[in-house]
1. Identify all residues within segment 194-213 that are under 30 Å from residue 300 (Cα atoms) and either near the ligand (Cβ under 10 Å from one of its atoms) or not in a strand (DSSP E or B) (or both); write none if there are none.
2. Report yes if residue 344 is away from the ligand (no atom under 14 Å from the Cβ) and either among the basic types (Lys, Arg) or open to solvent by less than 10 Å² (accessible area, probe 1.4 Å) (or both), otherwise no.
3. I'd like the full set of residues that are surrounded by fewer than 17 Cβ atoms within 10 Å (Cβ to Cβ), assigned to a loop (DSSP other than H, G, I, E, B) and of a type outside the set (A, V, I, L, M, F, W, C), limited to segment 269-296.
4. Need a quick list: strands (runs of 3 or more DSSP E) entirely within segment 119-183 having at least 2 residues that are farther than 30 Å from residue 67 by Cβ, in contact with a His (Cβ under 6 Å, 6 or more places away or on another chain) and open to solvent by 80 Å² or more (accessible area, probe 1.4 Å).
5. Only one residue in 450, 419 is modelled with pLDDT under 95 and not in a strand (DSSP E or B). Which one?
6. Being among the polar types (S, T, N, Q), closer than 23 Å to residue 11 by Cα and either more than 26 Å from the chain's Cα centre (by Cα) or surrounded by fewer than 20 Cβ atoms within 10 Å (Cβ to Cβ) (or both), is that true of even one residue in segment 435-455?
7. Filtering segment 99-118 down to residues that are in contact with a strand residue (DSSP E or B) (Cβ under 6 Å, 6 or more places away or on another chain) and open to solvent by 30 Å² or more (accessible area, probe 1.4 Å), which residue is farthest from residue 316 (Cα to Cα)?
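The values are calculated or read from the model by the stated rules, or taken from the named source; none is laboratory data. Every value quoted in this text rests on a predicted model; they were computed, and no experiment measured them. FYI the Cβ positions are ideal-geometry reconstructions off the backbone, even for glycines, and counts take in every protein chain you see. In case anyone asks, the SASA skips ligands and DNA or RNA and just uses the protein heavy atoms, side chains included. Shrake-Rupley method; radii C 1.70, N 1.55, O 1.52, S 1.80 Å.
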Amino acid sequence: MSQPAENSIKRLTDLQTLVSLCKRRGFVFQSSEIYGGLGSCWDYGPLGANLKRNVKNVWWNAMTRREDIVGLDAAILMHPMVWKASGHIDTFTDPLVDCKSCKTRFRSDNTESYLTKKQCPNCGSKDLTEPRLFNLMFKTFMGPTEDANSVVYLRPETAQGHFVNYENIQTTSRKKIPFGIAAIGKSFRNEITPGNFIFRTREFEQMEMQYFVKPGTDMQWWETWRETRWQFLESIGLNGKRLRFHEHAKDALAHYALKAGDIEYEFPFGWQELEGIHNRSDFDLTQHAKFSGKKLEYFDEASKERYVPYVIETAIGCDRLILAVLCDAYREEITPDEETGKPDVRVVLGFHPETAPLKVAILPLSKKAELQEPAMALRNELARDFDIGYDDSQSIGKRYRRQDEIGTPYCVTFDFDSLNDKKVTVRHRDTMKQDRIDISQVANYIHNGLRNFNAR
Ligand code: ATP
């Protein structure tokens, strides 16, 4: 069987279809669902947890397996002075307006009806307060007393961990400029308008890399990193046609940035930022040097120059990338049912194998012990190499469809012939092609297939 023509494939057009699939198949659940849920907080179920770990691994490996980048895992709670120096206490704010009629609170800088007509987006009233600045950082208290001196913040970005550790890392790793620091970790923002599933949440995970360069080479490195990051996104399977680059206008730059732009992805709800690539200049190191009293410089042995490095940042939300990966992988195809031959809709998550939550599933044709035992033995053998599923209920056709819907690249069917010929049927997710393979060769076959996988 060959792959269906592109025009018989339907892509994801509404987010709700994906949200339902994610819940039904155990990718993502609403946080504290049995209590009615907690606004824009989400939990990753068994398949989602695997997917998330895989997405983090591909990012981590792409960064830290380079000779010029090292890893970091910094604490979420940091000294409050960090946020004074970084500018977050004074400027990490959104302007908010309250509607006096219906009490809706909304952002004044991105609400269409307010910008064009000075109207409430909910009830249309013009009886509104003036915009007031609202800080997005979550506050808590450290230690037993709850007063102004014990306030600490949940970090709103991971990047400050890179800056305050710059000297520790440079001296211990003995990296020469240019070099980078990569980290993955939770960040928190008290977003006013979260939403679109895991696109914008109040607790999320970021994957950020700060690349320290010699001043004067920064613009060149900014170009290089925007190319590199685009290639990365394509390499994990995102379709380049659904990516575009948006450079920020000079008057829209954050206070620390010399140049910035986003790689945007075309989500079902429109083009939105996926990853930011920023030239942060020497702003952060200079600020931390000023507030901490410690010199944060680099001494170039070769040229005997001393300078404060400039920083190129690449910043992507792990959860947001997962959403892009899910949206991009989703497809519905009209294909003949593999058992009845009748046309049928097949839902596939065509993940790149590196991100697929399961790489292979073992499907014994019958529940009889004579098949279950060797099938389970094969499952346990392959589990040494791969994240693996096992499914023995309902017809084989239904089981194939279930694996397609969660994006498993290979299904291995163990049947009665397998007992004699010591072969199994390997069925491919994308082509539905089947090969009969020696049991002893299955691991190699899957390894090779995953390594040589060609995205649709
Ligand atoms: P946005 O304009 O979407 O609020 P931002 O420009 O404030 O994002 P950055 O501070 O540059 O975002 O953060 C880097 C990346 O972290 C973003 O590109 C996005 O992928 C992710 N991110 C930021 N805020 C959130 C959030 N509330 N939920 C999920 N991911 C987020």
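1. Within segment 194-213, the first condition is being under 30 Å from residue 300 (Cα atoms), and the residues that meet it are 207-213.
Hits for segment 194-213 are 207, 208.
2. Numbers: away from the ligand (no atom under 14 Å from the Cβ): yes; either among the basic types (Lys, Arg) or open to solvent by less than 10 Å² (accessible area, probe 1.4 Å) (or both): no.
For residue 344, the condition - away from the ligand (no atom under 14 Å from the Cβ) and either among the basic types (Lys, Arg) or open to solvent by less than 10 Å² (accessible area, probe 1.4 Å) (or both) - is not met.
3. 293, 294, 295
4. On the way: elements: 132-135, 139-141, 151-153.
Here the list is empty.
5. On the way: 419 fails: modelled with pLDDT under 95.
Sole residue among the options that is modelled with pLDDT under 95 and not in a strand (DSSP E or B): 450.
6. The initial filter retains those residues of segment 435-455 that are among the polar types (S, T, N, Q), namely 440-441, 444, 448, 452, 454.
Add one more test, that the residue is closer than 23 Å to residue 11 by Cα, and what stays is 454.
From the residues that got through so far, the ones that are either more than 26 Å from the chain's Cα centre (by Cα) or surrounded by fewer than 20 Cβ atoms within 10 Å (Cβ to Cβ) (or both) too are 454.
Checking segment 435-455: at least one residue is among the polar types (S, T, N, Q), closer than 23 Å to residue 11 by Cα and either more than 26 Å from the chain's Cα centre (by Cα) or surrounded by fewer than 20 Cβ atoms within 10 Å (Cβ to Cβ) (or both).
7. The qualifying residue farthest from residue 316 (Cα to Cα) is 105.
Let's see how each residue does on (1) outside the structural domain of residue 273 (by TED's automatic domain parsing); (2) within 16 Å of the ligand (Cβ to nearest atom); (3) β-branched (Val, Ile, Thr); (4) at pLDDT below 95:
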site	(1), (2), (3), (4)
302	no, no, no, yes
308	no, no, yes, no
317	no, yes, no, no
320	no, yes, no, no
331	yes, no, no, no
339	yes, no, no, yes
349	yes, no, no, no
364	yes, no, no, no
375	yes, no, no, no
